[in-house]
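Q: The structure's right below; bear with me while I get my questions together.
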Amino acid sequence: MKLVSYLEKKSDLEIFKENEIKEVLISPLYLTRMGKSSLEDTHFLAKEAKKTGLKTVLVWDIVMTEEDFQEAVFYFKKIDLSYFDAIRVQDPGAIQWIQLNTKHPIQLILETGNRNILGIQKWISSVERLEKVIFSIELSKEMLLKTLSEISVPVEILVMGPILLFYSPRALLSFDKKSENLDPLRWIEAKADSEEGFHHDFKVIENKHGTFMFLPRELCLLDKIDELKQMNIESFRIDLRHQSTEKFLPQIKKLIENFNSKDWQDFKKNYPEKLIRGFYAANKSDILFKKLKNQNIQRVDKNYLGEVLEAKKGSYLVLKIKSKTLELKMGSHIKFKTTTGKEVVSKVTQLRNSRLELIDSASHGAIVIVNPVNAVTVKSAVYQH
Amino acid sequence: MSKPFLPELLVPAGSLEKLKVAVQYGANAVYLAGQQFGLRSAAENFTEDELREGIPYAHQHGVQTYVVLNGFLHDKDLETLPSFLKLLEELNVNAVIVSDLGVIETVKQFSTLPIHLSTQASCLNVESGKLWKTMGVKRLILGREASIAEAGKIKKETGLEVELFIHGSMCMAYSGNCVISNFTYGRDSNRGGCNHSCRFNYQVKYKDQSHSSFLFSSKDLMGLPLIEEFSKYEIDSIKVEGRMKSPLYAGTIAKVYSDALKEFEKKGTLSAEKIKHWVKELQKIPSRDFTEASLLHKADAQSVYTNHPTKNKKMKFGLAGEIIDVIENDSILVEVKSPIHGTDTLEILPFEGEPLAFKNFQVKDMMGNSIDYAKTSTVARLPYFPQAKVGQFIRKGASE
């Protein structure tokens, strides 16, 4: 297991060295979502990190339109890759370009989507010089274990850091502030409280690449670190870009090395953000889907005849026959299933067509009038009984 | 004059009813979902029986059918996918829309269905398109951030078909890159549970000021005036968003864009006057105002919808009902969707051509008795018009 973190300033190098960080992620302004480093800083940080004996990784994780892509490639070509040991990418365009135009090992970010083994395996077999894959924080412990058992490439997960919720290319804070000119070097921050939900203090950042919104709580799996260590995960990433590295990295390193309850409580008390484990325990984010629509009005039965269009109490029902194979017959028994799930069976004692003529049967497409049935409402489904 | 390139008009079919509406009002292709695997869990979607009816119906009318399987599926979701693919293949579905590589692999393993890469994969550049091509994709449904010119370049340099959204609601985030619902409401937005938090009002707190804002909410896309551009860059398919929207929405959008495409095919250009007329028609259905978003240039401040999402939702031209039967020389039967009075000005929306307006008529109930007005969720008899056809909508003039 090794620790990975983001290098934004030289002064962090000493702290990284003291706290067992082995691999640093360097984020050029023009290639990285949260990137702040100029070309000069990118080279300087990478050179200094290498001198300290750290592995250096160039991060290119923006999503790009063709115009953005051409700009990114123009910039990328100016970077002296000899300072870097690997390149980390997400956009398939960047993956493709890096494969064809460099000889560097590739670290593949699979954090967006990629929640099944088959897809992850396909990425792994498709990318040349693949050195590592970075998993989504939405994989539960169970999914992690299963996936890790079926792949052979080293894996990295985030164990401590902010949760990115939203990534838009539009300059939403500048638009909101009615700023007229968009400075490519801008870095605008705000906090947002939902006035319609119950969530407050979403961190919002805007820069050259667009607008990013973060959950008010940060992901922290430090209290699960011992079981994570058993899982054969190669790298644990610590993202303290929104916090003080100097203050918190030593505490985090201590917890990773030797987790104990007292240090853990102290850490939680001191850390400025609330901490969550996200979906680590379980991912049941589809469990509410059945409640999103009325299951009672779904057409599911082979005896389905049609639907009630009007229910005039004590007078008549108007039905539309929708079945292509079944007919509604005078004297037959039919079952109504109401929108609340109630089932009512009734005999057809009166059957008229839309010209009000008495008929014996009706087939697909017909609009018919039948005798009224108590408790049957509009939209009830009609079945042969 | 050589014949202009005509894109396919692809319209959403959130239910069997909407599929029939889209087909009748001029769609060249429809996209729809079964009960699983898509991104609209709250939409009615299609049961197996409805797929068995809807897909042949579309094909009989010369309309292509694409089935969405574009959720970021988990391992357990993939277990039931093969049997669904068999059904789709049996029904001769024309393509499936997929965003996840695991789903692509499953489709390839269990069927020969053509694969369209969903916008959810945010494919936006040539190199990305080339990589997806190696994965077996036949068509790229590009992210809404791509311009028409970029889409044309991607088509040319990848050799793949390209599809671009032309109308409808827009995510503010790159598609697939928003998980607000996942972490705030426990609903996976990338498997159909999006709760539209971006439409909420937010108190935005800067260092020096604080105010209330809908900063994350986008206006709706509307690219009708750019049809010539879509043609110029030979965009294969222009897509309308909105499987959750009403049948009137599906019908109106299909009709307006279909009319515009037919006019463009005939004349090779669209006059400003005609465009104005069609845009006016589009404005008759609820929207969050319109923007061209990134179709020509990167979306700017004008692309943000700064009003409450419900504010502009008042029906400018409400749906009065749908014609369910035409009794020759006698009457038309209307399934009433909002009250109809004899003094209302109504419009029959034909499948092609101009609406037919009428007013001062007698309203009768199903049994032929005269009534003051027809209530919602009843069936009314209105006067007979030879032009009326089953499936056409009847609109009611501005209620505001």
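Computed from the coordinates by the stated procedures, all read-outs in this text should not be read as laboratory data. This one's a predicted model, so the numbers in the text were calculated from it and none came from an experiment. In this analysis, Cβ positions are derived from the backbone assuming ideal geometry, glycine residues included, and neighbour counts consider all displayed protein chains.
Q: Between B:ASN369 and B:LYS207, what's the calculated FRET efficiency when r is the beta-carbon distance and R0 is 56 Å? Round to 0.05. Present the calculation step by step, with values, prior to reporting the outcome.
A: On the way: r = 69 Å, r/R0 = 1.24.
Given R0 = 56 Å and the Cβ-Cβ separation, E is 0.20.
Q: Could I ask something else about it? Length gain on complete extension for the stretch A:SER261 to A:LYS324, per 0.36 nm per residue less the alpha carbon to alpha carbon distance?
A: Extra length from A:SER261 to A:LYS324 when fully extended: 15.9 nm.
Q: Give me B:GLU292, A:GLU206, B:GLU328 ranked fewest to most by other Cβ atoms within 10 Å of their Cβ, as a rough exposure proxy.
A: Details: B:GLU292 21, A:GLU206 25, B:GLU328 9.
Neighbour counts put them in this order, fewest first: B:GLU328, B:GLU292, A:GLU206.
Q: Further question: Quick one: among A:GLU18, A:GLU246, A:GLU180, which has the greatest mean-square fluctuation in a GNM of chain A with alpha-carbon springs under 10 angstrom?
A: A:GLU180
Q: Would you mind giving the three semi-axes, in whole Å and largest first, of the ellipsoid equivalent to chain B according to its Cα gyration tensor? It would help to have the intermediate numbers written out before the result.
A: Values: eigenvalues 245, 129, 105 Å².
After diagonalising the Cα gyration tensor, the semi-axes are 35, 25, 23 Å.
Q: Right, next: Can you run phi through the Karplus equation (6.51, -1.76, 1.60; θ = phi - 60°) for segment B:18-29 and list ³J(HN,Hα) in whole Hz, with x for Gly and Pro?
A: 5, 4, 5, 4, 4, 5, 5, 8, x, 5, 8, 8
Q: Using R₀ = 41 Å, calculate the FRET efficiency as 1/(1 + (r/R₀)^6) where r is the Cβ-Cβ separation of A:LEU275 and A:ASP80; round to 0.05.
A: Numbers: r = 39 Å, r/R0 = 0.94.
Using R0 = 41 Å, I get an efficiency of 0.60.
Q: What are the semi-axes of the equivalent ellipsoid for segment A:294-384, taken as the square roots of 5 times the Cα gyration tensor eigenvalues, largest first, in whole Å?
A: Details: eigenvalues 69, 44, 24 Å².
Equivalent-ellipsoid dimensions as semi-axes: 19, 15, 11 Å.
Q: While we're here: With a sphere of radius 12 Å drawn around the Cβ of A:ASN270, what net charge do the other residues whose Cβ falls strictly inside it have (Lys, Arg +1; Asp, Glu -1)?
A: In short, 0.
Q: Oh, and also: Label A:GLU48 and B:ILE327 with points 7 Å out from Cα along Cα→Cβ: what is the distance between them in nm?
A: Output for this residue pair reads 8.7 nm.
Q: Mind checking the full-extension length gain between B:GLU228 and B:VAL279? Use 0.36 nm per residue of separation minus the Cα-Cα distance, one decimal, nm.
A: Details: separation 51, 0.36 × 51 = 18.36 nm, distance 1.53 nm.
Here the answer is 16.8 nm.
Q: What span do the alpha-carbon atoms of chain A cover on each of the three principal axes, reported in whole Å from largest to smallest?
A: Projected onto its principal axes, the Cα set of chain A covers 95, 51, 45 Å.
Q: Here's something else I'd like to know. Between B:LYS267, B:LYS207, B:LYS138, find the one with the highest GNM mean-square fluctuation for chain B; connect C-alpha pairs within less than 10 Å.
A: Most flexible of the set in this elastic network: B:LYS207.
Q: Sum up the charges of everything whose Cβ sits under 12 Å from the Cβ of A:SER332, counting Lys and Arg as +1 and Asp and Glu as -1, but leave A:SER332 out.
A: Residues near A:SER332 contribute +1 overall.
Q: Say each of A:GLN230 and A:LYS268 gets a label point 7 Å from the Cα, pointing the same way as Cα to Cβ; how far apart are those two points in nm?
A: It is 2.1 nm.
Q: I want the local charge near B:GLN64. Using Cβ-Cβ distances under 14 Å, sum +1 for each Lys or Arg and -1 for each Asp or Glu among the other residues. List each step's numbers first, then the result.
A: Values: positive: B:LYS138, B:ARG139, B:LYS239; negative: B:GLU8, B:GLU161, B:GLU163, B:ASP236.
Here the count lands on -1.
Q: Can you pull a Stokes-Einstein diffusion coefficient for segment B:351-400 at 25 °C (0.890 mPa s), Rh from Kirkwood over Cα pairs, as a whole number of µm²/s? Can you show the working numbers first?
A: Values: Rh = 12.7 Å.
The calculation lands on 194 µm²/s.
Q: Report, in listed order, any pair from B:LYS18/B:LYS364; B:LYS133/B:LYS153; B:LYS156/B:LYS232; B:LYS232/B:LYS266 with a Cα-Cα distance greater than 19 Å.
A: Details: B:LYS18/B:LYS364 27 Å; B:LYS133/B:LYS153 15 Å; B:LYS156/B:LYS232 12 Å; B:LYS232/B:LYS266 15 Å.
Among B:LYS18/B:LYS364; B:LYS133/B:LYS153; B:LYS156/B:LYS232; B:LYS232/B:LYS266, the Cα-Cα distance tops 19 Å for B:LYS18/B:LYS364.
Q: Treating only the Cβ of Lys, Arg, Asp and Glu as charged (+1, +1, -1, -1), what charge dipole size does the protein assembly as shown show about its Cα centre? Round to the nearest 20 debye. Before the final figure, lay out each step's value.
A: Numbers: 108 positive and 100 negative charges, 252 e Å.
Taking the Cα centre of the protein assembly as shown as origin, the dipole is about 1200 debye.
Q: Taking the Cα centre of segment A:294-384 as the origin, how large is its charge dipole in debye, to the nearest 20, when only Lys and Arg (+1) and Asp and Glu (-1) carry charge on their Cβ atoms? Could the numbers behind the result be given before it?
A: Values: 15 positive and 7 negative charges, 29 e Å.
Here the size comes out at about 140 debye.
Q: Taking all pairs of different Cα atoms in the protein assembly as shown, averaging 1/r and flipping that mean, what Kirkwood radius in angstroms comes out? Show your work: numbers first, answer last.
A: On the way: mean 1/r = 0.0350 Å⁻¹.
Averaging 1/r across every pair of different Cα atoms and inverting gives 28.5 Å.
Q: Report, in deg cm²/dmol and to the nearest 500, the calculated mean residue ellipticity at 222 nm for the protein assembly as shown, where each DSSP H run with n ≥ 4 adds -39500 (n - 2.57) and the sum is divided by the residue count. Walk me through the numbers before you get to the answer.
A: Details: 21 runs with 206 residues, N = 785.
Calculated at 222 nm, the ellipticity per residue is -7500 deg cm²/dmol.
Q: Taking 0.36 nm per residue of separation and subtracting the Cα-Cα distance, what length does fully extending A:ASN181 through A:GLU150 add? Walk me through the intermediate numbers first.
A: Values: separation 31, 0.36 × 31 = 11.16 nm, distance 5.03 nm.
Additional length available on full extension: 6.1 nm.
Q: Starting from the 7 Å offset along Cα-to-Cβ, what nm value, one decimal, do you get for the label separation of B:THR80 and B:ASP300?
A: That separation, rounded to one decimal, is 4.8 nm.
Q: Given the protein assembly as shown, what percent of its DSSP beta bridges are antiparallel, to the nearest 5? Can you show the working numbers first?
A: Details: 83 of 146 bridges.
In the protein assembly as shown, approximately 55 percent of DSSP beta bridges are antiparallel ones.
Q: Using a Förster radius of 22 Å, what is the FRET efficiency between B:SER377 and A:HIS385 based on their Cβ-Cβ separation? Nearest 0.05, please. Please report the intermediate quantities before stating the final value.
A: Values: r = 24 Å, r/R0 = 1.11.
E(calc), rounded to 0.05, equals 0.35.
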